[in-house]
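Have a look at the structure below before the remarks.
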Amino acid sequence: MRRRLPWLSGVSARRLTPTLHRFAAAGWTPRDVDRAVTDALATRGWQLPRTLSQPAAYLAHLLRAVDPADRPGALDAHIAAVEAAQRAYQRQLIFGPPCPHGQPAGHLPSPRRGQLACPACRRHQAPR
């Protein structure tokens, strides 16, 4: 954190540990904490003061209302996972094993929409 937030560079790790422990336990990265600090400043309409006599206390004040369960990077990780699944599905549509009707990966549902690629497989799956 001291490298990520330059205004904390002179603060010992012992002073930062009590504030950051609950976030580290929840799996937050330094980037997540940086984003939370930026968001806390923005929501309050504040800017970082030019001089801070107690930077660790200021960090604790900014993060006091932040819930560790709301990790900023969690949405990014979810979006990345969905996109990776979609790319793998797209590869299967080209190189995957064919469905009974001859369409490559036609029997596999799309990760985004849940729809089968093969129209014949969709008709067989539809309730009658």
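Just name the residue that is nearest to R31 (Cα to Cα) out of those in region 61-96 that are outside any helix (DSSP H, G or I) and acidic (D, E).
D70
Could you please tell me which pairs satisfy a Cβ distance under 8 Å, a separation of 6+ or placement on different chains, a first residue in region 13-27 that is touching a residue at least 12 places away in the same chain (Cβ under 8 Å) and assigned by TED's automatic domain parsing to the domain that holds A60, and a second residue that is exposed (fewer than 11 other Cβ atoms within 10 Å of the Cβ) and hydrophobic (A, V, I, L, M, F, W, C)?
A26/A69
Among what's in region 110-128 and is surrounded by fewer than 14 Cβ atoms within 10 Å (Cβ to Cβ) and within 32 Å of the chain's Cα centre (by Cα), pick the residue that is modelled with the highest pLDDT.
So the residue we want is Q115.
Pick from region 5-42 the residues that are among the basic types (K, R) and surrounded by 15 or more Cβ atoms within 10 Å (Cβ to Cβ): which of them is farthest from A60 (Cα to Cα)?
Filtering region 5-42 for residues that are among the basic types (K, R) and surrounded by 15 or more Cβ atoms within 10 Å (Cβ to Cβ), the one farthest from A60 (Cα to Cα) comes out as R35.
Could you pull out the residue among D39, D32 that is under 18 Å from R4 (Cβ atoms), touching a residue at least 40 places away in the same chain (Cβ under 8 Å), under 16 Å from the mean Cα position of the chain (by Cα) and part of a helix (DSSP H, G or I)?
After ruling out the rest, the residue left standing is D32.
The values are calculated or read from the model by the stated rules, or taken from the named source; none is laboratory data. This is a predicted model, so every value here is computed, not measured. Positions of Cβ are generated from backbone atoms using ideal geometry, with glycine treated the same way; all protein chains shown enter the neighbour counts.
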